[in-house]
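The values are calculated or read from the model by the stated rules, or taken from the named source; none is laboratory data. These numbers were taken from a predicted model, which means no experiment stands behind them. Positions of Cβ are backbone-derived with ideal geometry, glycine not excepted, and every protein chain shown enters the neighbour counts.
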Amino acid sequence: MKLIWLPNAITILRMVMIVPLAWLLLTDHFVVALWLALAAGISDALDGLLAKLFKLQTTMGGILDPIADKLFLLSTVCVLYAIDVLPFWLTLIIVLRDVVILAGAFFWWRLLGMFIAEPSWLGKFTTLFQIAMVLFALFDLANYFSADNYLPLMQLAVLLLTVFSGVDYIVRYSIKAKSLLDAKQ
């Protein structure tokens, strides 16, 4: 029996983890929240590894995995803002970038048809820094180490990367869309 459903089940489990993580953070259970976030990160690596290694990749998995990643990251960033760990301006920039990317994908789909996401190296690097910033904050909240010296610098790096990658996505996909629209005429 082929386990083609397994990577998608792991991805869905990661989505389910969002609510307990938010609750743990909001109720000051920071050590457990950190471990749950680390488990989510491991599950992200595991579902991708299983899908590639055993050729279990599906169209649904290609859609669900980035959605799960974004939902997990955005919800964690918003909760960290709610508990006064991250500043409003940074939370707003992170959320706005993803809203703009999502809106662009929606309009692409409506105007041009199927949208195939192609994350850039800058987008991947931005996500990596956003995840690192969240983990720094969680390690700090769990009292494993003090991130006071690192978090402001990490926030600045995340701000710059988030803005630059957002502009990069807008420019790249606007050029592609214009090219496709011109070709249709």
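From the list ILE101, ILE42, ILE4, ILE12, pick out the single residue that is under 19 Å from LEU138 (Cα atoms), out of contact with any His (no Cβ under 6 Å at 6 or more places or on another chain) and of a type outside the set (Gly, Ala, Ser).
ILE42
Give me the pairs, please: first residue somewhere in segment 141-154 and closer than 17 Å to LEU24 by Cα, second residue anywhere and exposed (fewer than 12 other Cβ atoms within 10 Å of the Cβ), beta-carbon distance under 9 Å, and either six or more positions apart or on two chains.
Matching pairs, first to second residue: LEU141/ASP28.
Between a residue in segment 104-116 that is under 13 Å from ILE170 (Cα atoms) and any residue that is in a helix (DSSP H, G or I) and at pLDDT 85 or above, which pairs come within a Cβ distance under 6 Å, given they are 6 or more apart or on different chains?
Hits for this filter: GLY104/TYR173.
In segment 155-173, what residues are of a type outside the set (Val, Ile, Thr) and either more than 26 Å from PHE115 (Cα to Cα) or touching a residue at least 60 places away in the same chain (Cβ under 8 Å) (or both)?
Within segment 155-173, GLN155, LEU156, ALA157, LEU159, LEU160, SER165, GLY166, TYR169, TYR173 qualify.
Mind listing just one residue for me: the one in segment 29-60 that is aromatic (Phe, Trp, Tyr) and surrounded by fewer than 16 Cβ atoms within 10 Å (Cβ to Cβ) and, of those, farthest from the chain's Cα centre (by Cα)?
PHE54
Among (1) out of contact with any helix residue (DSSP H, G or I) (no Cβ under 7 Å at 6 or more places or on another chain); (2) assigned to a helix (DSSP H, G or I); (3) of a type outside the set (Val, Ile, Thr), where does MET114 come up short?
All conditions pass for MET114, except number (2).
May I ask you to list the residues in segment 10-23 that are exposed (fewer than 15 other Cβ atoms within 10 Å of the Cβ), of a type in the set (A, V, I, L, M, F, W, C) and either at pLDDT below 95 or closer than 19 Å to ILE83 by Cβ (or both)?
Within segment 10-23, VAL19, TRP23 meet the criteria.
Looking at LEU96, LEU74, LEU26, can you tell me which residue is at pLDDT 95 or above and surrounded by 17 or more Cβ atoms within 10 Å (Cβ to Cβ)? Explain how you work it out, then say what you get.
Numbers: LEU96 fails: surrounded by 17 or more Cβ atoms within 10 Å (Cβ to Cβ); LEU26 fails: surrounded by 17 or more Cβ atoms within 10 Å (Cβ to Cβ).
None of the others qualify; the one that does is LEU74.
If ILE175 meets every condition in (1) surrounded by fewer than 18 Cβ atoms within 10 Å (Cβ to Cβ); (2) more than 17 Å from PHE88 (Cα to Cα); (3) at pLDDT 95 or above; (4) of a type outside the set (Ser, Thr, Tyr) apart from one, which number is that one?
So the condition that ILE175 fails would be (3).
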